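A short reminder: the numbers here are calculations on the coordinates, not readings from a lab. Keep in mind that what you see is a predicted model, and the values were worked out from it rather than measured. Note that we place each Cβ from the backbone using ideal geometry, even for glycine, and neighbour counts take in every protein chain shown.
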Amino acid sequence: MTNMTLSGTDLARGYYTDVVAPLLDSRWPGLPHAAGRLGSGSDVLGLDDEMSRDHDFGLRLTLLVAADVVEPVRAHLADHLPPEYRGHPTRFATTWDPLPAPQVDVSTAEHFVFSRLGVEAGDLAIADWLSLTGQAVLEVTAGEVFADSAGALRRLRDTLAWYPDDLWRYVLAADWARIGQELPFVGRTAVRGDDTGSRLIAARIANAIMRLGFLLERRWPPYPKWLGTRFSALPRAGAAAPALDRALTADSWQEREGFLAEALTMMHELQRDVGLPTADPAVSPFYDRPFLGLGTVSQELLASVTDERVRALPSGVGAIEQWSDNVDVLTSPTRRRAAVAAVLASG
């Protein structure tokens with residue numbers, strides 16, 4: 001880590017091993033539990049740096065136990081935690097709580113998952129899957145686990161590993177459809193003298209292409225602060241990052257459109273390589289106008305869906321992150337579920 005002696009994960013691991021685990025064992029020897037650095041924070045994604053220390057950084061830990069010992073464990077830790085560990089206070093204020101308190105989140109596995117996702121992590125319904133954001137799932141699945149004696153956390157993570165196959169095809173089709181709706185406008189706006197509009201549309205398309213990359217590599221995307229960082233590190237899709245960079249900095253709409261087409265072709269080839277339907281060519285002339293559009297790749301994906309419940313979903317809509325970028329909606333499990341229910345009910 002740049003200019004840091006310990007990452008947030010390293011700090012949490014030591015805190016658990018040296019302080020929290022011995023305190024648990026002294027009162028409840030052999031207590032089944034899971035522990036890890038989960039939830040919010042750049043360190044959960046392994047992306048914290050020196051700047052990350054300016055808020056909500058420190059001795060944070062998620063501790064998952066059976067329901068009947070949640071409150072006793074909280075009370076025991078509150079009474080027996082030392083004042084500090086490795087120079088960091090064990091009780092400190094956060095942006096969500098101005099009063100200094102231990103930042104060991106003691107909960108059941110089920111309650112912890114529900115607090116992040118707004119759904120029960122069992123047999124998820126279609127609407128449940130569509131209400132998930134990548135960041136919400138990563139807050140459960142991305143952080144390092146230090147203990148999982150009962151295997152509860154591993155089972156939850158296995159459930160959330162990825163969309164069911166037909167839903168995967170459906171959300172992929174929605175991103176291709178969105179890109180197809182706007183790709184011709186990169187040139188159309190520019191020829192009317194609106195170069196700013198052309199650049200904005202190119203940026204919207206670049207964002208959708210990046211999300212395509214995560215979908216094709218079966219990786220949950222983080223929230224926008226870390227989207228580009230994680231995209232560039234994707235094993236296959238990340239190779240499109242230079243083309244997207246050039247699209248966003250190009251001086252002419254023709255170059256802008258061309259670099260987007262290059263990135264889209266790479267995504268199309270990756271889609272073929274992972275065994276999903278494609279439609280050559282991925283990018284083609286937009287009718288008789290001097291702009292580019294997409295082929296029928298979205299339709300091909302939808303045609304490959306066999307689950308009748310997924311086939312009944314409105315085409316082109318997809319998951320909530322594909323049609324809303326409102327932070328106050330995306331960070332609220334309750335609002336996400338309500339929004340998805342309303343959209344699905346409207347047909």
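The stretch between Asp158 and Glu217, if pulled fully straight at 0.36 nm per residue, gains 19.6 nm over its current Cα-Cα span.
The magnitude of the dipole of region 8-159, with charges of +1 and -1 set on the Cβ of Lys/Arg and Asp/Glu and taken from the Cα centre, is near 220 debye.
In region 141-181, which residues have a backbone nitrogen under 16 Å from the label point lying 7 Å from Thr229's Cα in the Cα-to-Cβ direction? Taking a point 7 Å out along Cα→Cβ of Thr229, the residues of region 141-181 whose backbone N falls under 16 Å are 142-144. Just to verify a number: FRET efficiency for Asp245 and Val191, C-beta to C-beta distance, R0 = 25 Å, to 0.05? Approximately 0.55, to the nearest 0.05.
Distance between the C-alpha centres of region 122-152 and region 161-212: 27 Å, rounded to the whole angstrom. When Thr196, Thr141, Thr296, Thr133 are sorted by how many other C-beta atoms sit within 10 angstrom of their C-beta, beginning with the fewest, the order is Thr196, Thr296, Thr141, Thr133. Projected label points at Ala303 and Thr334, each 7 Å from Cα along the beta carbon direction, are separated by 4.5 nanometres. Restriction of the trypsin sites (Lys or Arg not before Pro) in region 80-130 to DSSP coil positions whose beta-carbon has at most 12 other beta-carbons within 10 angstrom yields no sites. Assuming R0 = 35 Å, can you tell me the calculated FRET efficiency for the pair Ala341 and Ser26, based on Cβ-Cβ distance, to the nearest 0.05? Approximately 0.15, to the nearest 0.05. Comparing Gly122, Gly87, Gly295 in a Gaussian network model of the chain, where Cα atoms under 10 Å apart are tied by springs, the biggest mean-square fluctuation is seen for Gly87. What you get for the chain, charging only the Cβ of Lys and Arg (+1) and of Asp and Glu (-1), is a dipole of about 300 debye around the Cα centre. Extension gain, Ala75-His88: 0.36 nm per intervening residue step, less the Cα-Cα distance, totals 2.6 nm. Loop-resident trypsin sites (Lys or Arg not before Pro) (DSSP state other than H, G, I, E or B) in region 200-288 with no more than 14 further Cβ atoms inside 10 Å of their Cβ: Arg218.
Sort Val343, Val73, Val274 so the one with the fewest other Cβ atoms within 10 Å of its own Cβ comes first. Provide the component values of the computation, followed by the final result.
Values: Val343 18, Val73 22, Val274 12.
Ascending Cβ contact count within 10 Å gives the list Val274, Val343, Val73.
Let me know the longest stretch in the chain that avoids all chymotrypsin sites (Phe, Trp or Tyr not before Pro) found in a DSSP loop with at most 10 other C-beta atoms within 10 Å. With chymotrypsin sites (Phe, Trp or Tyr not before Pro) excluded where exposed in loops, the chain gives 97-286 as its longest stretch.
Once the Cβ-Cβ distance of Glu110 and Leu200 is raised to the sixth power relative to R0 = 51 Å, the FRET efficiency obtained is 0.75. The residues Ser7, Ser198, Ser252, Ser131, when put in order of fewest to most other Cβ atoms within 10 Å, stand as Ser252, Ser7, Ser198, Ser131.
Principal axis extents of the C-alpha atoms in the chain (largest first, rounded to whole Å): 76, 48, 34.
Could you calculate the contour length gain from Ala312 to Ala125, that is, 0.36 nm times the residue separation minus the distance between their Cα atoms, to one decimal place in nm?
Working: separation 187, 0.36 × 187 = 67.32 nm, distance 1.40 nm.
Difference between extended and current length: 65.9 nm.
Normalised by the number of residues in the chain, the average gap of Cα pairs under 8 Å and 6 or more apart makes the relative contact order 17 percent.
With each run of n ≥ 4 DSSP H residues scored as -39500 (n - 2.57), what mean residue ellipticity at 222 nm is computed for the chain after dividing by its residue count and rounding to the nearest 500 deg cm²/dmol?
Numbers: 17 runs with 170 residues, N = 347.
About -14500 deg cm²/dmol.
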